[in-house]
Amino acid sequence: MAIDRWRPRQGYTKQEEALLRRLRQTKKLFAFLRDHRHELFDDAFQAELESMYRDTGAGKDPTAPALLAMALLLQCYHGVSDVEAVALTVVDLRWQMVLDRLGSAEAAFAQDTLRGFRERLIRTDMDRRLLERTVEFARRTQAFDWRKLPKDLRVAIDSSPLEGAGRVEDTINLLAHAARKVILCAADLLHWPVERVATAAGMPLLLESSVKKALDLEWSDPDAKAQAVATLARQIESLAAWLRDKLPEEMKQPPLKEHIDTWAQIRTQDLEPDPSGGGKTRIRQGVAAERRVSIEDPDMRHGRKSKTKRFNGYKRHIALDLDTDLIVAGAITPANRPEEEAAPALKVDIDSMKRRIAELHIDRGYIASPLVSEVIADGAEVICKPWVPRNGNLVTKADFKINMRDMTITCPAGEIEPIDLGADVEFDAQACDRCPLRAQCTTAAPGTGRSVTIADNERLQHRLRKLVATPRGRERLRERIPVEHSLAHIGRRQGRRARYRGTRKNLFDLRRTSAVQNLETIDRRRAAAESTTYRRAA
Ligand code: SF4
C-alpha cells in the first residue's frame, strides 16, 4: 500500500499572508518553513523518508512522513513535549499554517504516531539525513554565494556538557532503586503484591517509601553508615537467593534478566569486600571506571567541566563548516569519555556528505583522535593550540630547540642530541653534571642526564608551536570561534538538561536541533543576501 505523500500548497491564502506579515518580525522560522517546506521536503527526500517504512516492513502509517518530520522540527523550535506538539496542531495557527492544516479542528497526528516516527528515524539513522538535508537545501538557496566558497570543508569541532535526564543517586539509593525494579518485575511475574515479594525475599527495607527512611540512621556517623551498608548487602544477598529459588528460569530472560543485570552492575561497581574481613561488604573506595550513576539512564556518566566542576550526563559535539556556519555533523558521548572519541563519528557523517576536509580546527581535546592523522594523511591542515609543556619550576620542553629537518634537539646550554619520534631522548650525563644550568633543568641524580619526551606526533606539535608564535598563526587559531558560538546557541535551545535518556536518543535531539539551527542560519543569510541585492539595485 502506498504511503501518503505530503503535498502542501505553495500559493498563499489571505489568512496566511496576514500571519506571515507578523511572523516575519518574530518567530521567523515559522515563516521560513511555510515559504520553503515544499523545497525542503521535495519528492526525492520524501521518497527517502518513505523508504524507512519499506525497510522495516511495518504497516502503513496514515500520516505522511514528511509532515511528521516537519512536526519534529517545529517541536524542537518551539521546545515542547510530544503531547504539547499534538495539541499545537489544533490550537496554534503557526503550526497549522506550516503543516498546511489551517482551520482543521482535528490533531494532525496522534502522540503515539509522533513517537513512533521519531523511533523509526533513529532506527534507520534518518535523523542524520534530516541534518544533511538542511545542508543540501542551503546549496539550492540564494543564502550563500557558493561559487566563492571553497569546494572542500574548513571544519571546526567543539563540545559542551549536557546534563543527563536520569536521576543521579548515591550508592545506597542506586542499590535500593535497582532492587526495587527487580522486586516489581518479580511481583508482576508471580502476580503477587509487591509487599509480599519484598517480605518473602527477605528485603523489608523496600517496604518503606525510601530506603534511607527504612534504615533511619545518622548518616554523618561512619559506623552507622557502615552498618547501613551491611544491612543492605545482607538483604540484597537474601533477595538474590530467593530469586534463584523462586524464579530460576525467569532470571535468564527479559524482562527480569535486564533488571537483574542492572542490579548486578550497581553491586559490582559500588560495593567491595571489606578488608577488615568477616565476609563484610563496604562501599567501594574510589570510583569504578564506567560507573553507572542513574538507573533510568544507563548511558549517563560523571564528567568534568573543569578540575573543580563536575556534571553527570553527556558531552555534545558538533562539527561546523566555517565558511557557511552550517553544522555538518553531531555526536554524543558519555561525559566521562575523552573528546577525541567523538571525532570518528563526526567524520563518518561528513564522509556521508561526500565532502573532503581541507582544514580541521580543533582544541587539544581532539588532537589524539585518529581523525587528526587521517586528515593530515589526506593533505588537510590541522589548526589547534599547541600543548603547553609543564615541568614545575624547571625549564620545560619549550626551552629546547627541536629541529625536525635534522631530527635534533638543542638544550638551553647548547648541547645537541639526535631524536626519534615516540622516544625519550637523554642528554649526555657528563655534560649535564658539569652544566651551570643543571639546577634549573633537572632533578635527576648526578650521573643521569636530562631527558625529554619526543611524541609520535612531534612534527604536528612542532608546526603548531610555530603557528602560535606568529600574529597570523594566532589569527588562524581564532577562526574556530564560530563553533563556540554555534554550540552556545545549541545549548540555549536544548537547555542544560537532556530531553531524552540514552546516547542515541540524545544524538537524535542534537541532530534535530542542529537542523533547526541550520535552517535559521539559511534564513538569516538569505535575508542578508536579499537586502544586499536590494541596496545594490537601489
Ligand atoms: S642540564 Fe643538561 S640538558 Fe639541561 S641545560 Fe644543562 S646540559 Fe642541557
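The values are calculated or read from the model by the stated rules, or taken from the named source; none is laboratory data. The model shown is predicted, which means the values in this text are computed figures rather than measured ones. Positions of Cβ are generated from backbone atoms using ideal geometry, with glycine treated the same way; all protein chains shown enter the neighbour counts. Note: areas computed on protein heavy atoms with side chains; ligands, DNA, RNA excluded. Shrake-Rupley method; radii C 1.70, N 1.55, O 1.52, S 1.80 Å.
For the listed residue pairs Lys305/Lys347; Lys28/Lys148; Lys151/Lys354; Lys225/Lys257, the alpha carbons are over 18 angstrom apart in Lys305/Lys347; Lys28/Lys148; Lys225/Lys257.
Accessible surface computed residue by residue for segment 70-165, with neighbouring protein chains in place and a 1.4 Å probe, gives 40 Å² per residue. For the chain, the Kirkwood radius over C-alpha pairs fed into Stokes-Einstein at 4 °C and 1.567 mPa s yields D = 46 µm² per second.
Are there GluC sites (Glu not before Pro) in segment 43-136 that DSSP marks as loop and that have at most 12 other Cβ atoms within 10 Å, and which are they? Those satisfying the criteria are Glu106. Between Ser306 and Ala230, the modelled labels are 4.3 nm apart [label points 7 Å from Cα along Cα→Cβ].
Compute the signed sum of charges (Lys and Arg +1, Asp and Glu -1) over the other residues within less than 12 Å, Cβ to Cβ, of Asn173. That sum, taken over residues with Cβ under 12 Å, equals +1. Legend: helices of the chain (whole DSSP H runs) are marked when their alpha-carbon atoms reach 27 angstrom or more along the helix axis and their mean Kyte-Doolittle hydropathy is at least -0.5; marked are 171-190, 222-246.
Excluding ligands, DNA and RNA, the accessible surface per residue across segment 362-454 is 56 Å² with a 1.4 Å probe.
Sequence-distant contacts, meaning Cα pairs under 8 Å at least 6 residues apart, place the relative contact order of the chain at 18 percent.
Partners of Lys397 within straight-line reach, counting lysines whose Cα lies under 20 Å from its Cα and excluding those fewer than 8 residues away in the same chain: Lys385, Lys466. Taking 17 Å as the straight-line reach from the Cα of Lys307, the lysines in range (excluding those fewer than 8 positions away in the same chain) are Lys315.
Here the calculated FRET efficiency for Glu249 and Val194, from their Cβ-Cβ distance with R0 = 22 Å, stands at 0.55, rounded to the nearest 0.05.
For segment 110-176, the alpha-carbon radius of gyration amounts to 1.86 times the rule-of-thumb value 2.2 N^0.38 Å expected for a compact globular protein. Under a cut-off of 20 Å between alpha-carbon atoms, report the lysines in cross-link reach of Lys252, not counting same-chain residues fewer than 8 places apart. Excluding near neighbours in sequence, the set is Lys181. Solvent exposure of Phe32, expressed as accessible area, is near 10 Å², computed with a probe of 1.4 Å over the protein chains only. To the nearest 10, the accessible area of Leu40 is 10 Å² with a 1.4 Å probe.
Less than 5 angstrom separates the built amide H of Arg450 from those of Phe427, all sequence-distant by 5 or more or on a different chain.
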